[in-house]
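Worksheet: one structure, shown below.
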Amino acid sequence: MLQLDALVREATELGTPAASHNRVIPIQALSAAEAEVDRVLTICNSCRYCEGFCAVFPAMTRRLEFGKADINYLANLCHNCGACLHACQYATPHEFAINVPQAMAKVRLETYVDYAWPSALGALYKRNGLTLALALTAALTLFLALAAARQGSLLQTPAGGNFYSVFPHNLMVSLFAPIFLFALLALGLGLRGFWKDVSPGAASAAAVADAADKALRLKFLDGGHGQGCNESDDAFTLARRRFHHFTFYGFMLCFAATSVATLFHYLLGWEAPYDYASLPKLLGLAGGISLVIGTIGLLRLNLQRHAMHGDAAQQPMDRGFIALLLLAALTGLALLPARGSAALTLTLCLHLGAVMALFATMPYGKFAHGFFRTAALLKWAIEKRQPSNLQLGDD
Ligand code: SF4
Ligand code: SF4
C-alpha cells in the first residue's frame with residue numbers, strides 16, 4: 001500500500017511540472033512540411049534500408065521521435081541527392097508515397113525563412129527568383145551607367161584601362177562594403193538561431209575537421225556508393241557534385257582575387273589596374289572560368305531535374321542565384337577584352353550591377369544553403385562522436 005502511495009505521488013508530481021520542476025520543455029507545433037518529414041522518417045526508421053546512403057539515416061536512427069529542431073537539422077543535412085527516392089520500395093505508387101528528398105527540400109526553405117534575420121525579411125526567400133535577380137541587376141547597372149554618363153565617361157576609353165578613373169576606389173568600397181557586411185551579419189545571426197535550437201554540444205577539433213572535410217568534398221553528393229546522385233532518372237552521375245565544386249571553388253578564387261587586390265592596395269600601396277600575370281588577375285581569371293563552367297552545368301542540371309526530387313517552389317530561387325553568379329562571372333571575364341576599348345565603362349557598370357545584386361540577395365537566397373548545410377554537417381560530426389541516448393545498439 002505504501003508503495004502504491006509513493007507511485008501515485010510520483011505520477012502526480014510528474015503531471016504538474018510547473019509546480020514541482022523548474023524546467024518546462026516547450027512543445028512546438030509542426031508545420032505541414034515538418035509533419036510530412038515526421039511521417040516519412042517514422043516509416044524510414046522502421047525500414048532503414050537507406051542507412052548507408054548519407055548521414056541523414058544514421059542521424060535518424062538516433063531518434064525515436066522528431067521534434068521541430070530535429071526535423072530542421074535533418075532537412076539541412078540532406079543534400080538532395082535523390083538516391084533514397086530511387087531506391088525506395090515505399091515511393092509512389094505505394095500508398096505510403098515516401099519521398100524523402102522532396103519532404104526535406106520543403107522544410108529547408110522553411111528553415112531559411114524561420115531563421116532569417118531580421119525576421120520580417122524572411123519572406124524574401126519566397127520572392128527571390130530569376131526575375132528579381134535580373135531586374136535588380138538591370139536597375140543597378142542603369143544607376144551606375146547614369147552616374148558614369150553624368151561625368152561624361154560612359155562612352156570614353158578610360159586611360160590605361162583604369163577602372164578607378166570611372167568609379168574611384170573609395171566610392172566602390174563605400175558602395176560594396178556595407179552590402180557585403182550586412183549580408184554576412186544577416187546570415188551569421190540567422191545561423192546562430194539555428195545552431196542554438198539544434199543543441200549541438202561542444203565541437204572538438206576532430207568534429208570540425210570531419211565536417212569541413214565532408215562540406216569541402218561534398219561527400220554526400222556521391223549517393224553513398226561513390227557513383228553520384230540521381231538527376232533526371234535512375235542513372236547515377238557525379239555531374240552535380242563536380243559542377244558544385246567548379247562553382248564553389250570558382251567563387252572562392254574570385255573572392256581571393258579581391259582580397260589579394262585589397263591587400264596590395266592598402267598594405268603595399270600597389271593600385272589597380274594590375275598586369276595580366278599578377279596574382280589578383282590570375283586568381284580572378286581562374287575563378288571566373290571555373291564559375292562559368294560550374295554555373296552553366298548547374299543550370300542545365302536544374303532544368304533537367306526529376307520533378308519529384310525537389311520543391312518546385314524553390315526553383316526560381318535556385319535559378320536566380322545561379323544566374324547572378326553566371327552573370328557576375330561572365331561580365332568579370334568580359335572586362336579583360338574590353339580593357340582598351342570604349343565598351344569598358346558599360347561592361348564595368350554591368351559587372352558591378354551583377355555583383356551588387358548578388359550581394360544584396362545573398363542573405364535571402366540560395367546562398368544560405370551552404371551555411372545551414374555546413375552547420376548541420378558539424379552537428380552530425382559532433383553527434384556521431386557521442387553515445388546514442390537510445391542505447392539500442394553498439395554505436
Ligand atoms: S526511403 Fe524508403 S527504402 Fe529508404 S529507408 Fe525510407 S522507407 Fe526505407
Ligand atoms: S536525398 Fe540523398 S542526401 Fe537526402 S536523405 Fe536521401 S540519400 Fe540522403
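Please treat every number below as a calculation from the coordinates, not as lab data. Note that this is a predicted model, so its numbers are computed, not measured. Quick reminder, even Gly has a Cβ in these numbers, built from the backbone with ideal geometry, and neighbours come from all protein chains shown.
Tabulated data
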quantity: Cα gyration tensor, the chain - rounded (a/c under 1.5), prolate or oblate; calculated: prolate
quantity: Among the listed pairs LYS106/LYS281; LYS106/LYS196; LYS68/LYS214; LYS196/LYS281; LYS106/LYS384, those beyond 30 Å (Cα-Cα); calculated: LYS106/LYS281; LYS196/LYS281
quantity: Tensor-based shape of region 181-294 (alpha-carbon gyration tensor, a/c under 1.5 rounded, otherwise prolate or oblate); calculated: oblate
quantity: Distance from region 21-99 to region 182-235 (C-alpha centre basis), Å; calculated: 17
quantity: Top positive-direction residue, dipole computed over region 243-359 with Cβ charges, set LEU358, MET252, ALA323; calculated: ALA323
quantity: Per-residue HN-Hα couplings for region 177-183 [Karplus 6.51, -1.76, 1.60; θ = phi - 60°; Hz; x = Gly/Pro]; calculated: 4, x, 5, 5, 5, 5, 4
quantity: Magnitude of the charge dipole, region 260-320, Cβ model with Lys/Arg +1 and Asp/Glu -1, debye to 20; calculated: 220
quantity: Highest-first arrangement of 187-194, 269-276, where packing means the average Cβ count within 10 Å; calculated: 187-194, 269-276
quantity: Selected from GLN28, GLN304, GLN227 as most flexible by GNM, with the chain as the system and alpha-carbon contacts under 10 Å; calculated: GLN28
quantity: Highest-first arrangement of 29-36, 314-321, where packing means the average Cβ count within 10 Å; calculated: 314-321, 29-36
quantity: Cα-centred dipole magnitude for the chain, charges only on beta-carbon of K, R (+1) and D, E (-1), debye, nearest 20; calculated: 960
quantity: For region 145-247, radius of gyration divided by Kirkwood radius, i.e. Rg to Rh on alpha-carbons; calculated: 1.21
quantity: For region 261-395: Kirkwood Rh in Å [reciprocal of mean 1/r, alpha carbons]; calculated: 18.3
quantity: P(r), alpha carbons of region 24-116 - 5 Å bins starting at zero, rounded %; calculated: 2, 14, 27, 27, 18, 8, 3, 1, 0
quantity: Net charge of Cβ neighbours under 12 Å - reference LEU377; Lys, Arg +1; Asp, Glu -1; calculated: +3
quantity: Ranked packing of 126-132, 233-239, most packed first, by mean Cβ within 10 Å; calculated: 126-132, 233-239
quantity: Estimated dipole of region 24-116 in Debye, rounded to 20 [Cβ of Lys and Arg +1, of Asp and Glu -1, Cα centre]; calculated: 160
quantity: Positive dipole terminus of the chain, leading residue within ALA368, GLY297, ALA272 (C-beta point charges); calculated: ALA272
quantity: The chain - Cys residues lacking any other Cys C-beta under 4.7 Å; calculated: CYS44, CYS47, CYS54, CYS78, CYS88, CYS254, CYS349
quantity: Signed unit charges on C-beta, dipole axis of the chain, positive-most listed residue PRO387, GLY190, SER341; calculated: SER341
quantity: Length-normalised contact order of the chain in % [C-alpha pairs under 8 Å, at least 6 apart]; calculated: 25
